[in-house]
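Below is one structure, written out as C-alpha cells, with a few remarks after it.
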Amino acid sequence: MKLRALLLLPVFGSLALAEVPQPADPILAAMQQELAREKSDLVIPGMLRPYFIQYRLEDIHTYDAIASYGALTRETESHQRVVRVEVRIGSEISDSSSARGDGSLELAPADGDPAVLKYALWSATDDAYKNALRAYATKQATLKTFQSAPTANDFTPAKAVTLVEPLATMTLDRDDWKHRLIEASGIFATSPETRSFAETVQYSSASISALVVNRYTVNTDGTMLRRGYSGYTEGVSVGGQADDGMNLGRSNGSVATTAAGLESDAALNKRVIDDLISFNELRHAPIVDAEDYHGPVLFSGDASAEVFNRLFVPSVEADRPDIGTSARMQGAYQSSYKTPILPTFLSVVDDPTLRSFEGHALLGAYKVDDEGVPVEPVDIVVHGKLMNYLVGRQPVKDFPESNGHGRAALGQSAHSRAGVIIIKSSEPLSAEALRARLLALAKEQGRDVYSVETLGGELAPRLLYRVSPDGKRTLVRGAVFDELDQRAIRSGILAAGGKPYVAQQVGTVPGTTIAPELLFADITVKRANEEQQKVPYYPPPALPKD
Amino acid sequence: MATELRRAFAELGSAIEPVASSVAKVGERLPPQKPYFISYSVADAESVTITSQYGAIMNSNETHERTADVQVRIGSPAQDNTHDAHRTSALTTMALPLTDDRAAIERTLWYATNRGYGKALDALEKVKTEQQVRAREEDSSPDFTIERPQVDILPPEPPLSVDRSAWESRLREISGVFRQYPNIFYDTAVLQATHETDYFVSSDGTKVAAPNHVARLIVAARTRASDGMDMFRDETFEADSAGHLPDQAEVMAKTQAMAKGLNDLRTAPITEPYNGPAILSGRAAAVFFHEVLGHRLEGQRQRGDEEGETFTKLLGKPILPEFLSVADDPTLTQYNGSPLSGHYLFDDEGQPAQRVQLVQDGVLQTFLMSRLPIAGFANSNGHGRAETGKMPTGRQGNLIVTSTKAVSDAKLRQMLKDAARKQGKTYGLYFEDISSGFAVTTRRSPQAFQVIPLVVYRVYVDGRPDELVRGVSIVGTPQAALRSIVATDDQPQIFNGLCGAESGTIPVSAVAPAMLVSQIETQRQAQGTARPPIVPPPPLDEAANSTSSPKGGR
C-alpha cells in the first residue's frame, strides 16, 4: 500500500487547470461525494438554494516542547482533523456573507473513516445553510436602511482548479530537540560567560513548536485541492529586572519550513549566550533621556520588517468596508490608490510564488490560495505609489478580481492576507554607507542619534543604541518610539540598505517579510515611564556548584 | 520502586527548602508583612484520552504534566489577603519540570512564590481598605483554619500504561453502535485514564504525598425531535484503572440500550403539566441529592454576602424526613463492590479525608468544610477540594444517602400507584434518569445546581404499560421535593461523575436508593426551535469496515 501511494503522488503533484479527475485520495473522494449530494438536495422548499458551497478539511498536527531553567516542563502533541463548511446564499452581487466570514465547524475522524467524514460534513452543511439563510435575510434588510449600495460585489467567480500536492509530514528529532532546549534554557547557570550574573536571571526558557497542516478543499466551482504546509519555530526567552525594577528581557528565535532549517545546536547556544549578555548589559545600561528625542533613527532589517508588518501589510490587505459606508475597504490606505505611500526609491511586491530566498525556504510561499485561486506576484507599491491591493474572492472597489490572496487561518474563513512581502530599494546603500549617513546626520545636527537592532511587541525597541557623532554606541533601556506611523514611512525614510532581512512567522496565516535596513529622518524616542515592579522579595535559591 | 521513592523525596525536599527560606528571608526584609502560611501543592499527572464518534477515532493522546499550586497568605488567620472576593490572590500556578531536576524545580517554585507574594501584598492592602468602608459582615469568621500538621508520604503512582490500540478498537465498536441510529446526530465515547500523585507541603509542617488513579469511560449521545426538542443521554463507567472497566459485552449492551432509549425518546409523547407523586430511581435520586442538597451544604456557601440562601439557621433542625441520613465519605473506595470516584486520601489542602455525617435522621448536623471557616465551624473536615490551578473550597466526595424506611421496588411502585389514585391521578411519574452539571455536559455555571429530567415514564394506576414521555421539567425549587419523600427502596445505586463548581471540576460519587416523593410539580420544558436537518444524513453503514488509513497517509 505504501509503495503504491508513493508511485501515485507525482502524477498529481502538478498544477492542472482542467476538469476534475476522480480523486485517488479517499478523503477528497468522500468530500466530493457529500458535496455532490448536498448541491443537489440542500434546499428548504420555498427558500433559496446555496449558490456556493466549499468544504475544507484540516489535518492539524502540532508538537510543542518547553524547557525552563535547564529542565523540560512541557511536551505536548496533538493531531486532529476539523472540517469547515461555507455556504453562500443569494448571488455574487449580494449574498449571505459577512465581513467576519461565515462557516460551520465539526470534528472529523482522525482515522479517515469516509462515512464518518461525510456525516460530519452533512451536519456542518445543515448548520451552515440555516445560518446563511438567517444571515441573508438580516443582511438584505440592513442594506435597505442605507442610501447607497455597497461599493463592490460580495464574491468573485473563480475557475475550477485541481492541485493535489504530496502530504506534509512532521520531521523532527524530538529527543535531540528536547536535549537542545534543556541545554539552552540552563546555559545561564552553567556557561562561564554568564555565570557571574546568573543570580539576576529570573526566567530562562527555550521552546520548539512544530505545526504541520494538510488542507483538503473541494467546492462547487469544481475546485479540488490538497495542499500542506509546515512551520517549525524555535525560541528562547531570558530576562529579569534592573535594580530599579524595570522588566528587561530578550526573546528571539528562528522560524523555518523544516526542522533542519532552524538554527543549529551551536548557533542556538551562542544566541542564548548573546541574549544573556545583552540582558546583563541592559541591566546596567543607562535609562534613555527623560526629555524626548526627535530625529534620525537607523532601523536594522529585523526592526524594519517588524515596522512594515505592523504599519504597512495590514493596510494593503483588502478587507471589506463596514456595511452602508462608501469606503473601498478597511485600513489606512483605503483611499490611497495610485498615490504615494512610501518614498519613490521603495517598491513592494508580494510574491508567494517565490519559494526560497538566499537559502531560506519561505513560509509565505504557495501556489493556490485557500479560495482556489492561483497566485501571481502582485506589485503593491511601485516607486512609492500604491498600485495594487492584495485581494481575495471578496472584491473591493476597482479590484473586482481576486489576485490569489484569500488565505485562511486554521478553522477560519479566508481573508485577504499577504504571502511573501519584499521591500526593495532602487538606490540601496551598503551597511557602511548607511552608517556613514547616520553619523553624518549626527555631525550635521551636532548631537547623538539612535540605532535600533530589535523590536519587541507594539514596536517598542528592545536593543536601542545611542550613537554619538564619532560613532560610539551606547546601549540604553526604557525607551519607546512615538510618531512611528504611516506618515513616517511615507515621507520620513531617508535611505534604505541593500542587505535584506528575512522575517518569517507561522502565525495564524504563515507569512514572510523581506526588508532592508531603513534610515528614518524623524522618529521620537521617549522614556517609557512604565510602573516599575518591585525587585524580587527574596533571592532565588543558590545555583548548584559544579 | 526505590527510584520512584527517591524521586518523591527529592521533589519534596526541594519543595520544602524554599518554603523555609522564603518565610525567613521575606520576613527579614519586610517584618510586618511576613507570610504566615505558604504551601506548595504539586500534581504530577499522566493521562490518556481517546475520543471516538460513530465508530471513528477523533482524537487520541497522552499527556504528562506537573503543576505547582503555590499558596501565599499574609496577614493573620483572622484576616488575610484571601478575604471575601480576594480568595484567589493566594494562588499562583506554574508548570514544573517533568524531570526531577532539583535546581530547576527550586527555581521555578521561587519564581512562583515571589510572584505570589507580590499578589498577596496587593490583595491584603485592598482587603484592609474594603474593611474600612463596609458595614459589618454577617459572618465575621476568620479566613483560615488552624490545623494539626499531617505527615504521610505514600508511594507515588507507577507510570500509566494503557493499551491504546486495544482501546481505540473498543471505542470504535462502542461508538459504532450509533451508526444504526441516523437520528442521533451527536455521539461520543471517551476513555480517560489518569495516574496522579499529589504532593503537598506547607509551612505549618504538613508533608503529604498521595497517589490517585482512575479510569472513566463516558458514552453520550444527543438527538432532536421533529419539533426541535433536543434530548441527551449519557452512561459513565468508572474503575480504578482502564483494565478494570466493565468488559466490552457489558459496555456494548448498555450503549445499545441507551441508543435505543434515546431513539425511542425522540418520538415519545410530550409531557403535560403534572402535580403529583413520583419515584426517583436510585441513580436519579443520587444526582438529585448531589445537586440539590450536597452543593448547598458546602461550607463557604453559608458565609459570603452573595450566597442567597444559607442553611446556617437550619443547623440542628430537620431538613429531611427522619428516616433519611446523609454522609459524605471520601475514605470509601467502593460501595457494594463498585468503585467510587469521589475517593481520596488527602484533600487539596493536605487534610486527611474524613467521613462527615451531614444529616442524621433528617436533622442537619454540619457542613462540608475546607480550611475556610464559617460561623460555628472553625476547622476543616477534609473536604477542601479543587482542580489543579484553583483555590480549594468545601466540596463533596462520596455522598451517601441511607434510609431506614426501605421497601422493595415492587412495593415502592405499588405505593406510587396508590398515592396517584388517592390524589385522583390516572398516572404517577417515574424519573429513571436526570442530568445536571454532574455529567459530561459542558455546563459549568456553579449557581445552576438544577436538575434536568432525561428519562421519565408515566406509571398508570390502571395497570397499562408504562409510557415514556419527553420534555419534563421540574417546577419551582427542587428542595421542596426533599421534604416530601415518603419512602425509599432497598437497592442503593451509584452515580460516578465529574462535578463542576467554583473550585473547578473534580471527580465525585453519589449513592442513593430510589425514592417515592408525594408531590412534585412538573411542566413542559422550554425547548429549542431548531429545525431538524434538511437533507437526510449520508448512509453510515456503507463503509463500516473501511477504516484503513488513506493512501499516502500518515
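Points worth noting:
- Projected area averaged over orientations for the stretch B:274-524, convex hull of C-alpha atoms, nm²: 13.1 nm²
- A straight Cα-to-Cα reach below 28 Å connects B:Lys34 with the lysines A:Lys534, B:Lys25, B:Lys119, B:Lys126, B:Lys128, B:Lys207, B:Lys390, residues fewer than 8 places away in its own chain not being considered.
- The stretch A:302-349: trypsin sites (Lys or Arg not before Pro) falling in loop per DSSP and having at most 16 other Cβ within 10 Å: A:Lys338
- On a per residue basis, the convex hull of the C-alpha atoms belonging to chain B measures out at 177 Å³.
- For chain A, the longest principal axis of the alpha carbon atoms and the long axis of helix A:265-284 meet at an angle near 50°.
- Peptide A:77-83 has a mean of 3 when you count, residue by residue, the C-beta atoms of other protein chains within 10 Å of its C-beta.
- Each principal axis of the Cα atoms in chain A has its own extent, and those three values, largest first, are 77, 58, 44 angstrom.
- All aspartates and glutamates inside 14 Å of A:Lys39 as judged from Cα atoms, apart from same-chain residues fewer than 8 positions distant: A:Glu86, A:Asp126, A:Asp221
- Rounded if a/c under 1.5, otherwise prolate or oblate - the stretch A:329-421, Cα gyration tensor axes: oblate
- Judged by the ratio a/c of the largest to the smallest principal axis of the C-alpha gyration tensor, the stretch A:461-531 counts as prolate, that ratio being 1.5 or greater while a/b is larger than b/c.
- Shielding by partners, peptide B:408-421 (average Cβ within 10 angstrom, other chains): 0
- The stretch A:439-470 and the stretch A:179-216: distance between their alpha carbon centers, rounded to Å: 29 Å
- Around the amide H of B:Ile400, modelled in the peptide plane, lie the amide H atoms of B:Ala327, B:Asp328, B:Asp329, B:Val511, all under 5 Å away and 5 or more residues distant in sequence or on another chain.
- Residue-wise HN-Hα coupling along the stretch A:361-367, computed from phi with Karplus coefficients 6.51, -1.76, 1.60 (Hz; x: Gly, Pro): 6, 8, 5, x, 7, 6, 9
- Shown in residue order for the stretch A:223-240 are the 3J(HN,Hα) couplings computed by the Karplus curve 6.51 cos²θ - 1.76 cosθ + 1.60 at θ = phi - 60°: 6, 9, 10, 9, 9, x, 8, 10, x, 10, 10, 10, x, 10, 9, 10, x, x Hz (x for Gly and Pro).
- Exercise: per-residue mean of other protein chain Cβ atoms within 10 Å, A:35-48: 1
- For the stretch A:449-487, trypsin sites (Lys or Arg not before Pro) meeting the loop criterion (DSSP other than H, G, I, E, B) and having at most 15 other Cβ atoms within 10 Å: A:Lys472.
- In the protein assembly as shown, the ratio of gyration radius to Kirkwood radius, Rg to Rh, stands at 0.99 when only Cα atoms are counted.
- Folded to 0 to 90 degrees: helix A:174-190 orientation relative to chain A principal axis, Cα: 20 degrees
- Candidate lysines - alpha carbon under 23 Å from A:Lys385, same-chain residues fewer than 8 apart omitted: A:Lys338, A:Lys397, A:Lys424, A:Lys499
- What the phi angles of the stretch A:298-310 give under the Karplus curve with 6.51, -1.76 and 1.60, with θ = phi - 60°, is a coupling list of 9, 9, 5, x, 4, 5, 5, 4, 5, 4, 5, 5, 8 Hz, glycine and proline written as x.
- Rounded Å value of the spacing that divides the Cα centres of the stretch A:84-138 and the stretch A:335-382: 31 Å
- Remark: relative contact order (the stretch A:214-346) = 13 percent; criterion is Cα-Cα distance under 8 angstrom and separation of 6 or more residues.
- Looking at the stretch B:106-142, the trypsin sites (Lys or Arg not before Pro) that sit in a DSSP loop and have at most 15 other Cβ atoms within 10 Å of their own Cβ are B:Arg134, B:Arg136.
- Beta bridges by DSSP in the stretch A:2-232, antiparallel share as percent, to the nearest 5: 95 percent
- Amide H to amide H, with H built 1.01 Å from N, B:Ser435 comes under 5 Å of B:Ile452, B:Leu454, counting only residues 5 or more places away or on other chains.
- Here's how it looks for B:Gly342: its modeled amide H is under 5 Å from those of B:Ser509, which are all 5 or more places away or on a different chain.
- For peptides B:414-425, A:38-49, sequence by mean Cβ density within 10 Å, most packed first: B:414-425, A:38-49
- Each stretch of four or more DSSP H residues adds -39500 (n - 2.57); spread over every residue of chain B, this sum gives -7000 deg cm²/dmol at 222 nm.
- Rounded, prolate or oblate (a/c below 1.5 giving rounded, otherwise prolate when a/b exceeds b/c) for the stretch B:233-310 by Cα gyration tensor: oblate
Every number in this text was worked out from the coordinates using simple rules, so none of it is lab data. Here the structure is a predicted model, which means the values were calculated and not measured. FYI the Cβ positions are ideal-geometry reconstructions off the backbone, even for glycines, and counts take in every protein chain you see.
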